[in-house]
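K.L.:
One structure, as structure tokens, below. Some questions next.
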Amino acid sequence: MIKPKRSAAQQVADEADRRTLNPIGSRQTIADSQATPEFQENLKRLKSERLEREARLNPKHKV
């Protein structure tokens, strides 16, 4: 049996209801996806780039 398609508004409302019922679970999904090695590597790279940029902008302060 094919389910009838839901409108975008209905999908958004269903997602909001799901998050309301289980706020920890919705946050956990984000945390799990960010725990991937690619995320960790990207985070380290962005942090080092930011520190280098700040060091160039503020040569008096050691980072």
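K.L.:
Does R45 qualify as being open to solvent by 90 Å² or more (accessible area, probe 1.4 Å) and either outside any helix (DSSP H, G or I) or at pLDDT 90 or above (or both)?
P.N.:
yes
K.L.:
Please list, ordered by first then second residue, the pairs with beta carbon atoms under 8 Å, 6 or more apart or interchain, first in segment 2-19 and at pLDDT below 85, second polar (S, T, N, Q).
P.N.:
R18/S26; R19/S26
The values are calculated or read from the model by the stated rules, or taken from the named source; none is laboratory data. Keep in mind that this is a model prediction, so the values were computed, not measured. Heads up, the Cβs are rebuilt from the backbone with ideal geometry, glycines too, and the neighbour counts pull from every protein chain shown. For the accessible areas, the whole protein counts, side chains as well, though only heavy atoms, and no ligand, DNA or RNA atoms are used. Shrake-Rupley method; radii C 1.70, N 1.55, O 1.52, S 1.80 Å.
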